[in-house]
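Below is one structure, written out as structure tokens; the observations come after it.
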2 protein chains.
Amino acid sequence: MKLSTKGRYGLKAMFDLALHFGSGPVSLAHISERQDISMSYLEQLIATLRKAGLVYSIRGSQGGYELNFSPSEITVGDILEVLEGQLAPVSCVKSNDTEHCSKSGECVTRAVWQQIHDSITDVVDSITLQDMVNDYMPKTNVMINRKEY
Amino acid sequence: MKLSTKGRYGLKAMFDLALHFGSGPVSLAHISERQDISMSYLEQLIATLRKAGLVYSIRGSQGGYELNFSPSEITVGDILEVLEGQLAPVSCVKSNDTEHCSKSGECVTRAVWQQIHDSITDVVDSITLQDMVNDYMPKTNVMINRKEY
DNA sequence: CGAATTCCTAGTTAAGCAGTTGGGATTGAG
DNA sequence: CTCAATCCCAACTGCTTAACTAGGAATTCG
């Protein structure tokens, strides 16, 4: 049940883009350095995200990447699904194919996998990049809210 | 985020043992046939479960395996943890080591993995083998409850 | 132009999965 | 007592995938 580096690195990269949302394109070199990910590997991950429409690229000098939607519109689930493929713990859970349930334990165990899948989905679909940005800079909020100080 | 066959087969095997709990030892050959798992492969899985203390074996002719606890005392989480290793989506989540959080996105993404892990844990620790057995034979309950029939 | 950037394809290395094979040890039944 | 059923153990194999690395082509700003 491990997540691969694709998902881990990919989320970090997207988080980095969210942090710099609205400030012009961010180059891979910068993401690579800040998030400590090999640049050539990161290239492949971001290519997947681009093909899925989550980011878009600006080529040439001074180019880079930007989120295709605002951070509040992109969930962790969106990102992980693109990079990790289906998040279902077993393949049969994804597409309601109850055919293979011939043998005795099949359907009962399938129900377990289904519950695991649902709980994962609930979590990742409920967290947006904006949520992560907010978590990252709580000080800003503290300052703003400190009117009595 | 895929579960390997170890976890899948292992849970099916344990479910099979739960179904026959209290009726004497169950041989690998029977589990293998009923759950449609290669017997020699199943041997390895059940060896792991035995070493973890979830089942015990009776050697020799007419031997087999039995659950070491009643089905209501064994959770899906117990089984998966033994067979799949840590269920944490990333390694750092398991043991509160917040050391590596030097780079900017590290701690924020870690919080996400932590939430995923917690939700998986909640699910698998809440389902016992007894629950699965109950799900498998709802007809029995229906019959018993049908007093008017 | 040329430096900075994205884009694309094709390796490479290592590890793990999903078994199989071949034997050895134990024990109940006949 | 013997033998067939069963568990026990370790090694081996084929395959797939993860996690990169390498090298170059195309694009664009200054």
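Points worth noting:
- The range A:35-67, residues that are more than 8 Å from DNA strand C (Cβ to nearest atom), in contact (Cβ under 8 Å) with a residue 24 or more places away in the chain and of a type in the set (S, T, N, Q): A:GLN35, A:THR48
- Flag for B:SER95 being more than 13 Å from every other protein chain (Cβ to nearest Cβ) and either within 16 Å of DNA strand C (Cβ to nearest atom) or at pLDDT 95 or above (or both): no
- Any hit, the range B:5-19, residues being among the acidic types (Asp, Glu) and either under 16 Å from the mean Cα position of the chain (by Cα) or more than 11 Å from DNA strand D (Cβ to nearest atom) (or both): yes
- Matching option when the condition is modelled with pLDDT under 95 and either within 12 Å of DNA strand D (Cβ to nearest atom) or open to solvent by less than 70 Å² (accessible area, probe 1.4 Å) (or both), among B:GLU43, B:GLU84, B:GLU66: B:GLU84
- So B:GLN115, is it more than 16 Å from DNA strand C (Cβ to nearest atom), facing chain A (nearest Cβ under 9 Å) and modelled with pLDDT of 80 or more: yes
- Members of the range B:1-18 that are at the interface with another protein chain (Cβ under 10 Å from one of its Cβ atoms) and in contact with a strand residue (DSSP E or B) (Cβ under 9 Å, 6 or more places away or on another chain): B:ALA13, B:MET14, B:ASP16, B:ALA18
- Pairs, first without any contact (Cβ under 8 Å) to a residue 60 or more places away in the chain in the range B:109-135, second surrounded by fewer than 16 Cβ atoms within 10 Å (Cβ to Cβ), C-beta under 6 Å, six or more apart: B:THR128/B:SER72
- When the range B:1-34 is filtered for residues that are part of a helix (DSSP H, G or I), among the polar types (S, T, N, Q) and either open to solvent by 70 Å² or more (accessible area, probe 1.4 Å) or modelled with pLDDT of 95 or more (or both), only B:SER32 remains.
- The range A:69-81: number of residues that are open to solvent by less than 20 Å² (accessible area, probe 1.4 Å) and touching a residue at least 60 places away in the same chain (Cβ under 8 Å): 5
The values are calculated or read from the model by the stated rules, or taken from the named source; none is laboratory data. Predicted, not measured: the structure shown is a model, and the values here were computed from it. Virtual Cβ from ideal backbone geometry, glycine too; neighbours counted across all protein chains shown. Only protein heavy atoms, including side chains, enter the accessible area calculation; ligands, DNA and RNA are left aside. Shrake-Rupley method; radii C 1.70, N 1.55, O 1.52, S 1.80 Å.
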